[in-house]
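The values are calculated or read from the model by the stated rules, or taken from the named source; none is laboratory data. Fair warning: this is a prediction, and the values are worked out from it, not measured in the lab. Methodologically, a virtual Cβ is constructed for each residue, glycine included, from the backbone with ideal geometry; neighbour enumeration extends over all protein chains shown. Heavy atoms of the whole protein, side chains included, go into the accessibility calculation; ligands, DNA and RNA do not. Shrake-Rupley method; radii C 1.70, N 1.55, O 1.52, S 1.80 Å.
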Amino acid sequence: MRALLVQPQITPLTGTVEVPGDKSISHRAVILAAIADGQSVIRNWLPAGDTLATLDCMRALGVPIETRGDGFSWELTVDGRGLRGLRRPAVPLDCRNAGTCIRLLAGLLAGQSFSSVLDGSAQLRRRPMRRVCQPLRLMGGNIQDHDGRAPLTIEPAPLRGLEYRMEVASAQVKSALLLAGLYAEGETRIHQPATTRDHTERMLQAMGLAVYQADNWIILPADTRKLAPLDIIIPGDISSAAFPLVAAAIVPHSQVTMANVGVNETRTGLLELLAAMGGRCQVSQSRLSGDEPVADLTMGFDELHSTEAGGDLVVRAIDELPVWAVAASQAAGVSVVRDAAELRVKEVDRISLLATELRRMGVVVEERPDGFTIAGPVRLRGAEVDCHGDHRLGMALAVAGLAADSPTLIRDAACIADSFPGFAETLRALGARTEWLDTSHPHPNPLPQRARGQTPPLSLGERGGRG
Ligand code: S3P
């Protein structure tokens, strides 16, 4: 077991750093390159727990993939097998903790001429899969689930195009249907109730397909014959950059620059939320890297005030809401998130466990069925907290720890590498004092007495504010 110890940040965070490649794009790149005609080269690919699960699955499907490791930025050479060249896997495919891996592969495998089984960790087996299995069945897919969950058993079946209105705004479901659509007879039309990340559409376009969007319908034309190989550089992950950016916003006198970050507007909800709170985020060096917009983001400390998030904006900031909650705890007034019930079916119930763990640090949080409210500003207290195997909860708690008045110990934090290997090192490069501890053996508790165990929440009248 690994725990992350975070010391209170008494000096400003400063400097320029890069974060590893985008997780969503890394999953898609290795999957689509595998079924392209010819060799793809993918640079700045993210070697994280989740994406490595996808890479291993594609290898198990018979795709030769060479990797050249350079720390947390890999170069992949993928020998695309063509649309019909995948091979029956000898064993169940292990998607580990990765929702994107299992849902996208469900779409890809539904159209193959062989059977396969998709499975994953105990955490993944708790997550809803009906949202993807049900429309795939409407396309003719033969998929068996376990009470709407993994493992998923897929048998070969001919697919037909579908016109489908998604109930939840999910890029994973949309992408699964687009992947299945590559194997279907006829056109595939998918309606999204709100704008979701569009990396799959952009990548398919780059590979020569005339996929397009009209209003909130995504349309994949019939009769895909082949995909051209990719030659791309994956931008830094804005969902990882979010943590140092919020840290800079709440640690006095900080200013940090995150270089080469993907700023696809389906992903930049957090920047809008921080701006609405009075945060200063400058976007510079805006450019295109292949089909994805990229920029440098500079964030400085500022007095923040509360804001509200709902609707489309929540979808465009869904993975950043845990760390945004930490910013909200330092903002004057009551911040509100609604329309975010999806947070309850992420790696963990991110509403309930975020509230539980942030309360240990003195944050005044109220849960709602579809979100939460946070009253700020509060004086954050160092505490012993647990991230329950959820990478983004772990990193949000670490950011809170930087602004706390005493050290914070985050238990069960190895999962941070599911999306952001090098997280602690990146914070250290900006001046933070973070340290990994091995907690599998008994050791003296590194925290002062007051910070251990459950800290009772402060009442509104007791709030201290930053300083
Ligand atoms: C992702 C889509 C989102 C997001 C997840 C990654 C993707 O999930 O929360 O971290 O890569 O498509 P949903 O599609 O379930 O909204």
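A compact table of results
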item: Residue satisfying condition, being acidic (Asp, Glu) and open to solvent by less than 10 Å² (accessible area, probe 1.4 Å), within set Glu342, Glu357; result: Glu357
item: Any chance Leu288 is hydrophobic (A, V, I, L, M, F, W, C), more than 21 Å from the chain's Cα centre (by Cα) and closer than 22 Å to Met203 by Cβ; result: yes
item: Whichever residue in segment 94-140 is of a type in the set (Ser, Thr, Tyr) and more than 23 Å from the chain's Cα centre (by Cα) and, among such residues, is farthest from Ala48 (Cα to Cα); result: Ser113
item: Given (1) more than 19 Å from the chain's Cα centre (by Cα); (2) over 29 Å from Val261 (Cα atoms); (3) in contact (Cβ under 8 Å) with a residue 12 or more places away in the chain, index of the condition Ser352 fails; result: (1)
item: From the options Leu93, Leu104, residue that is touching a Ser or Thr at 6+ places or on another chain (Cβ under 7 Å), closer than 23 Å to Leu178 by Cβ and more than 16 Å from the ligand (Cβ to nearest atom); result: Leu93
item: Residue match in segment 300-322 (condition: in contact with a strand residue (DSSP E or B) (Cβ under 8 Å, 6 or more places away or on another chain) and part of a helix (DSSP H, G or I)); result: yes
item: Subset of segment 70-97 [among the acidic types (Asp, Glu) and in contact with a strand residue (DSSP E or B) (Cβ under 8 Å, 6 or more places away or on another chain)]; result: Glu75, Asp79, Asp94
item: Helices (runs of 4 or more DSSP H) lying entirely in segment 79-188 (those with 3 or more residues that are at pLDDT 95 or above and closer than 21 Å to Leu32 by Cα); result: 99-110, 130-138, 171-181
item: The one condition in (1) small (Gly, Ala, Ser); (2) within 15 Å of the ligand (Cβ to nearest atom); (3) in contact with a helix residue (DSSP H, G or I) (Cβ under 8 Å, 6 or more places away or on another chain); (4) over 27 Å from Ile65 (Cα atoms) that Gly262 fails to fulfil; result: (4)
item: Wholly within segment 1-75, strands (runs of 3 or more DSSP E) carrying at least 3 residues that are more than 16 Å from the ligand (Cβ to nearest atom) and touching a residue at least 24 places away in the same chain (Cβ under 8 Å); result: 2-6, 14-18, 37-45
item: Within segment 152-191, tally of residues that are buried (at least 23 other Cβ atoms within 10 Å of the Cβ), within 25 Å of the chain's Cα centre (by Cα) and of a type in the set (Val, Ile, Thr); result: 2
item: Test: residue in segment 214-228 that is closer than 11 Å to Thr298 by Cα and either modelled with pLDDT of 95 or more or not β-branched (Val, Ile, Thr) (or both); result: no
item: Every pair of residues 6+ apart whose Cβ atoms lie under 7 Å, when the first sits in segment 264-275 and is among the basic types (Lys, Arg) while the second is part of a loop (DSSP other than H, G, I, E, B); result: Arg267/Arg197; Arg267/Arg316
item: Of the criteria (1) more than 16 Å from the ligand (Cβ to nearest atom); (2) in contact with a Leu (Cβ under 8 Å, 6 or more places away or on another chain); (3) closer than 21 Å to Val30 by Cβ, which one Arg84 fails; result: (2)
item: Residue in segment 217-235 that is within 30 Å of Pro12 (Cα to Cα), touching a strand residue (DSSP E or B) at 6+ places or on another chain (Cβ under 7 Å) and part of a strand (DSSP E or B) present; result: no
item: Of all residues making up segment 210-234, the number that are open to solvent by 10 Å² or more (accessible area, probe 1.4 Å) and in contact with a Pro (Cβ under 9 Å, 6 or more places away or on another chain); result: 3
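Conditions tested, residue by residue: (1) under 25 Å from Thr195 (Cα atoms); (2) outside any helix (DSSP H, G or I); (3) open to solvent by 20 Å² or more (accessible area, probe 1.4 Å); (4) in contact with a helix residue (DSSP H, G or I) (Cβ under 8 Å, 6 or more places away or on another chain).
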site: Ala247; (1), (2), (3), (4): no, no, no, yes
site: Leu270; (1), (2), (3), (4): yes, no, no, yes
site: Ala275; (1), (2), (3), (4): yes, no, yes, no
site: Val283; (1), (2), (3), (4): yes, yes, yes, yes
site: Ala295; (1), (2), (3), (4): yes, yes, no, no
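Here's the yes/no breakdown for (1) open to solvent by 20 Å² or more (accessible area, probe 1.4 Å); (2) more than 17 Å from the chain's Cα centre (by Cα):
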| site | (1), (2) |
| --- | --- |
| Arg2 | yes, yes |
| Leu5 | no, yes |
| Pro12 | yes, yes |
| Thr16 | yes, yes |
| Gly21 | no, no |
| Ser26 | no, no |
| Leu32 | no, yes |
| Ile35 | no, yes |
| Gly38 | yes, yes |
